[in-house]
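The values are calculated or read from the model by the stated rules, or taken from the named source; none is laboratory data. As the structure is a prediction and not an experimental result, all values here were calculated from the model. Note that each Cβ is placed from the backbone with ideal geometry, even for glycine, and that neighbours are counted across all protein chains shown. Heads up: the accessible areas ignore ligands, DNA and RNA and are worked out on the full protein's heavy atoms, side chains in. Shrake-Rupley method; radii C 1.70, N 1.55, O 1.52, S 1.80 Å.
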Amino acid sequence: MPPETKPRDLLSGDAWRDFCRRLEAVGETLVGDGFPTDPRDRTEGFRYLTRLLAYAMRMEIECGDPLYPQLCRYEEPHTQWGGPNPDNTYLRAAVHPDHAYRVWGNLAGMRQIIASLQEGDMQLQQYGVFSEQTLGDWKLGADGSFELVIAKQRPERARDARTPVNWMPMHEQARLFQVRIYLSDWANDASPTLHIERIGAEGEPPPPPAPEAVAAGLDRAVGWVAASAAYWNRYTWKSFERATPNAVAAARSTPRGADNIKYGSCFWDLAEDEALVFTCEEPEAQYYNFCIHTMTWLESGDFANRQTSLSGHQLHVDDDGRVRVVLSAGDPGVPNWIDTE
């Protein structure tokens with residue numbers, strides 16, 4: 001929540017009325033200048049707002065208390081924003097630098113994970129990624145058991161003596177603990193259940209929600225929706241203006257983003273009877289994939305029902321060691337087809 005704002009009173013109804021007015025104003029921006037006007041894009045735009053809101057309400061009201069954190073799953077087929085990866089399980093929890101936290105679970109069978117402490121989201125102009133750790137940075141128990149302590153001081157021991165303790169230093173500006181779990185071989189890669197708790201509140205149920213907490217959650221949620229709708233529209237079209245259609249930009253890390261991820265991109269311009277064939281050497285990476293994202297909304301398409309992405313385990317590699325990916329609106333009957341919808 002920006003420091004200059006103060007949530008309105010909830011019990012009088014003012015906070016809810018303010019929330020509704022601000023949400024209405026976000027909807028009005030979609031029919032204004034700078035947003036697409038064709039029926040499909042506008043329809044998907046209003047659906048996009050419902051998806052943003054579904055995530056924001058869950059994160060900011062149900063999971064927004066850093067005293068009683070919960071790992072909130074997002075970037076599912078029905079809650080997409082910011083170019084999600086269909087091969088990731090995304091989790092995040094609210095944290096506060098004045099407290100310490102314990103994260104635990106069993107990581108047996110997991111391919112890869114990236115966990116990070118963050119300031120917030122790009123669309124809020126909160127770019128900080130203060131700590132980042134992967135599976136190779138951690139010690140696990142013999143059975144795959146895992147414990148991570150997020151705190152300013154290194155812990156002396158784990159809660160369970162049989163499990164090695166891992167440490168992620170807490171940062172003074174950290175507000176989110178975020179997890180990306182990678183699945184490439186969907187039949188065999190594990191996506192385990194993780195848990196988080198504030199140290200000192202083990203087993204303690206959260207109290208009933210206070211009026212001021214719900215009011216603050218409504219304020220944060222609608223602010224996040226408004227910022228997201230404007231930001232990703234501007235982001236995609238500015239990127240398009242700098243690009244050459246049907247030409248691939250080299251993979252690179254995002255400035256101030258995750259150090260362990262590289263992104264390449266290609267904006268395409270195809271007729272309905274045309275296809276784009278993308279050819280590369282097989283990448284040298286623990287995990288890689290190819291996936292599409294929509295203009296304006298930066299969603300990953302209907303990945304629950306269509307083949308809008310292919311992971312390294314799903315891709316066919318030709319005899320010459322090269323990968324050839326085909327993007328088109330219709331299935332051409334060849335390996336590695338991605339549906340552009």
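Remarks
- In region 303-321, the residues that are closer than 17 Å to Y287 by Cβ reach residues that are of a type in the set (A, V, I, L, M) with C-beta atoms within less than 6 angstrom, at least six apart or across chains, in these pairs: L315/V323; V317/V323.
- Candidates are the residues of region 289-321 that are of a type in the set (S, T, N, Q) and not in a loop (DSSP other than H, G, I, E, B); the one that is least open to solvent (accessible area, probe 1.4 Å) is S311.
- Output for region 70-82, where each listed residue is over 22 Å from A215 (Cβ atoms) and either in contact (Cβ under 8 Å) with a residue 24 or more places away in the chain or open to solvent by less than 30 Å² (accessible area, probe 1.4 Å) (or both): L71, Y74, E75, P77, H78, T79, Q80, W81, G82
- Of the set (1) at pLDDT below 95; (2) more than 30 Å from G312 (Cβ to Cβ); (3) open to solvent by less than 50 Å² (accessible area, probe 1.4 Å), all apply to E204 but (3).
- Test for P245: is it part of a loop (DSSP other than H, G, I, E, B), in contact with a Cys (Cβ under 9 Å, 6 or more places away or on another chain) and open to solvent by 20 Å² or more (accessible area, probe 1.4 Å): yes
- Some residue of region 118-132 being of a type in the set (F, W, Y) and over 26 Å from R159 (Cα atoms): yes
- Residue check for R252: of a type in the set (K, R), open to solvent by 30 Å² or more (accessible area, probe 1.4 Å), closer than 22 Å to Y127 by Cα and free of Cβ contacts under 8 Å to residues at least 60 places away in the same chain: yes
- Only listed residue being within 30 Å of Q112 (Cβ to Cβ) and free of Cβ contacts under 8 Å to residues at least 12 places away in the same chain, chosen from A158, A243, A190: A158
- Residues satisfying the stated conditions in region 95-120, i.e. open to solvent by less than 10 Å² (accessible area, probe 1.4 Å) and out of contact with any Lys or Arg (no Cβ under 9 Å at 6 or more places or on another chain): V103, L107
- Region 23-36, subset surrounded by fewer than 16 Cβ atoms within 10 Å (Cβ to Cβ) and not in a loop (DSSP other than H, G, I, E, B), residue nearest to the chain's Cα centre (by Cα): G27
- D219 vs. criteria more than 23 Å from L53 (Cα to Cα) and either part of a loop (DSSP other than H, G, I, E, B) or more than 16 Å from the chain's Cα centre (by Cα) (or both): no
- Restricting attention to region 37-69, the residues that are farther than 15 Å from V214 by Cα, open to solvent by 40 Å² or more (accessible area, probe 1.4 Å) and in contact with a Gly (Cβ under 9 Å, 6 or more places away or on another chain) total 1.
- E60 being of a type in the set (D, E), under 19 Å from T193 (Cα atoms) and at pLDDT 95 or above: no
- With respect to being at negative phi and over 17 Å from the mean Cα position of the chain (by Cα), C266 fits the description.
Okay, residues lined up against (1) among the charged types (D, E, K, R); (2) within 21 Å of E62 (Cβ to Cβ); (3) modelled with pLDDT under 95:
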residue	(1), (2), (3)
R92	yes, yes, no
N106	no, no, no
T134	no, no, no
A142	no, no, yes
V149	no, no, no
P155	no, no, yes
R159	yes, no, yes
V165	no, no, yes
L183	no, no, no
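- Condition check for H171 on (1) open to solvent by 20 Å² or more (accessible area, probe 1.4 Å); (2) out of contact with any Pro (no Cβ under 7 Å at 6 or more places or on another chain); (3) modelled with pLDDT of 95 or more; (4) closer than 30 Å to V222 by Cα: one failure, at (2).
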